[in-house]
Amino acid sequence: MKGYIKLENEEVFEGTINAASQEDVYGEIVFFTGMTGYQEVMTDPSFHGQIVVFTYPLIGNYGWNETDYESVHPQPAGLVISEAAPEVFHYEAKQTIKEAAEKAGIPLITGIDTRSLVKSIREKGDMGAVLTASPSQVNVREYEPIGEQMLIDEVAVKEPSASGNGEEHIVLLDFGYKQSMVRRLNEKGCKVTVVPYDTEEEEIAALKPDGLLFSNGPGNPKQLTPLLQRYRSLSQTYPSLGICLGHQLLALAYGGDTEKLRFGHRGANQPVQDTHSNRVFMTSQNHSYVVKEDSLPAGEFTIQYKNINDQSIEGLSHMTHDITTVQFHPEAHPGPADSEEIFDQFLEQLKNKGREKTYA
């Protein structure tokens, strides 16, 4: 059936919408530039509440499998594709992307002029949008901006869970974590306990962690301002790694500030430079907010990673505490080939801290 995308600026784009969309669906419309990785995108909690436009013209040719999930179910509010592959060719594929979206109840609209749509987003920035069958009858301005929504509560765990039985024990504070993070750490010989983002310090201490991982997640980091002092205290107590939203939260906890990009970084091809070694590598990213460089207090962090395209901060190292943060996703694809060493450096910090305790 005919379907439409109506943007906050009143632009309308026509396509064909799947049967999963029986009601109008509101969300923040964003675009993703990767040619592949759509299953990772569709199950990443960081996309919760967003309508994702895929810039590559043909999506879905390797299908949808039953193993490459980043969360228990798909997350975006909606999907926009120029052309969805009607057949799949990978040996592990169980269904097409259309079938996967239908099963998950996610509206999928195809036949859209995605080049024109993305051009509008690039010019005007991420904005509210609605997927609808009746564009003349909806008011996109009724949409609550994503920066004002507490999306983390909708994706974070409510109870702790553990996996792996390695020598190092990592406690992951969950703001909407990707399961790849836990898998990577398990593969590297770590036990990982995932806990709710608002877990008390005493409860974390009782778990006796060797280190903390502040995870990714959706929305505006300033929604968690009341918890920043707790995160500062925790990161001063245990070696800490912050990824994506976790990176932003740790910067805020030490007096920095964040701001929203006009149209964010979402794709598997973002070039990042290590300012310490000058090495450049490609990263996978998905974020709307960045840490403001001129907001960082003196004597706290040094900037370790920068985005080559726009010079935004991509990672920090604390001057006195064992804290490393990255805006990109070292657990993603690409990632293991280029930036998985972030996990290795973090684990080395844990081992060094352990040796300090041994000889203290």
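Quick notes on this structure:
- Pick from region 25-41, criterion open to solvent by 20 Å² or more (accessible area, probe 1.4 Å), at pLDDT 90 or above and of a type in the set (Val, Ile, Thr), ranking: nearest to Gly125 (Cα to Cα): Thr33
- Summed over region 11-53, residues that are among the polar types (S, T, N, Q) and touching a helix residue (DSSP H, G or I) at 6+ places or on another chain (Cβ under 6 Å) total 1.
- Checking Lys188, Lys208 one by one, the residue that is modelled with pLDDT under 95 and surrounded by fewer than 20 Cβ atoms within 10 Å (Cβ to Cβ) is Lys188 and no other.
- Members of region 292-309 that are in contact (Cβ under 8 Å) with a residue 40 or more places away in the chain and either among the charged types (D, E, K, R) or closer than 19 Å to Ile342 by Cα (or both): Glu300, Phe301, Asn307
- Listed by first and then second residue, the pairs with beta-carbon distance under 6 Å, at least 6 apart or on different chains, first residue in region 25-37 and closer than 14 Å to Gly147 by Cα, second of a type in the set (Asp, Glu), are Glu28/Asp126; Val30/Asp126.
- Test for Gln229: is it modelled with pLDDT of 95 or more and either within 22 Å of the chain's Cα centre (by Cα) or in a strand (DSSP E or B) (or both): no
- Conditions (1) under 24 Å from Leu350 (Cβ atoms); (2) open to solvent by 10 Å² or more (accessible area, probe 1.4 Å); (3) outside any loop (DSSP other than H, G, I, E, B): number failed by Gln270: (1)
- Some residue of region 43-62 being hydrophobic (A, V, I, L, M, F, W, C), within 25 Å of Met282 (Cβ to Cβ) and over 21 Å from the mean Cα position of the chain (by Cα): yes
- Evaluated against (1) more than 22 Å from Ala332 (Cβ to Cβ); (2) crowded, with 16+ Cβ neighbours inside 10 Å; (3) out of contact with any strand residue (DSSP E or B) (no Cβ under 7 Å at 6 or more places or on another chain), Glu10 falls short on exactly one condition, (2).
The values are calculated or read from the model by the stated rules, or taken from the named source; none is laboratory data. This is a predicted model, so every value here is computed, not measured. Don't worry about glycine lacking a Cβ; one is built from the backbone with ideal geometry, like all the others, and counts go over all protein chains shown. Surface accessibility is based on the protein's heavy atoms, side chains included, excluding ligands, DNA and RNA. Shrake-Rupley method; radii C 1.70, N 1.55, O 1.52, S 1.80 Å.
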